[in-house]
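Engineer: There's a structure below that I have some questions on.
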């Protein structure tokens with residue numbers, strides 16, 4: 001199995017929900033940091049903090065499934081607080097992972113070409 005990258009955006013974080021949203025993000029980061037199959041778990045906010053983007057990289061689909069299971073409560077709260085979720089999956093996710101993400105209707109993009117994982 002190949003690694004799987006996820007880019008998930010919460011496109012509309014209301015001001016009233018911002019503090020709670022950020023606290024949940026911190027919890028998700030702490031959980032991900034303890035998971036051996038999580039290679040990257042970076043969070044980005046736009047300048048007015050109304051949009052948040054997660055960039056996650058897992059060794060494979062099973063590692064992402066483990067994260068979904070481990071962080072289920074936190075992740076299920078983020079969507080409603082952040083104005084929904086838009087999810088891109090980069091790579092070749094397993095059918096099991098796709099089934100687990102059915103509710104967020106991810107867009108899957110398979111690798112075409114490039115210079116994957118070059119060192120600087």
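Engineer: Consider only pairs whose beta carbons are under 7 Å apart and that are at least six residues apart or on different chains; among these, list those whose first residue lies in region 8-20 and is touching a residue at least 24 places away in the same chain (Cβ under 8 Å) and on the phi < 0 side of the Ramachandran plot and whose second residue is surrounded by 13 or more Cβ atoms within 10 Å (Cβ to Cβ) and assigned to a helix (DSSP H, G or I).
Structural biologist: 10/78; 13/21; 13/81; 17/81; 20/81
Engineer: When only residues in region 44-74 that are surrounded by 20 or more Cβ atoms within 10 Å (Cβ to Cβ) and under 13 Å from residue 10 (Cβ atoms) count, which is farthest from the chain's Cα centre (by Cα)?
Structural biologist: Only one residue tops the list, namely 52.
So that you can scan it fast, the table gives a plain yes or no per residue for (1) under 14 Å from the mean Cα position of the chain (by Cα); (2) part of a helix (DSSP H, G or I); (3) under 14 Å from residue 77 (Cβ atoms):
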residue: 7; (1), (2), (3): yes, no, no
residue: 12; (1), (2), (3): no, no, no
residue: 16; (1), (2), (3): no, yes, no
residue: 22; (1), (2), (3): no, yes, yes
residue: 25; (1), (2), (3): yes, yes, yes
residue: 28; (1), (2), (3): yes, yes, yes
residue: 32; (1), (2), (3): yes, yes, no
residue: 41; (1), (2), (3): yes, no, no
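Engineer: Another question, if that's okay. Consider residue 79 against the criteria (1) touching a residue at least 40 places away in the same chain (Cβ under 8 Å); (2) more than 13 Å from the chain's Cα centre (by Cα); (3) surrounded by fewer than 18 Cβ atoms within 10 Å (Cβ to Cβ): it satisfies all of them except one. Which criterion is unmet?
Structural biologist: That leaves (2) as the condition not met.
Engineer: Checking the structure you have, find out if any residue of region 29-40 is crowded, with 19+ Cβ neighbours inside 10 Å, in contact with a strand residue (DSSP E or B) (Cβ under 8 Å, 6 or more places away or on another chain) and closer than 18 Å to residue 86 by Cβ.
Structural biologist: No, that holds for no residue.
Readers should treat all values here as calculations from the given coordinates under stated rules, not as data from a laboratory. Small disclaimer: the values here were computed from a predicted structure and weren't measured. Methodologically, a virtual Cβ is constructed for each residue, glycine included, from the backbone with ideal geometry; neighbour enumeration extends over all protein chains shown.
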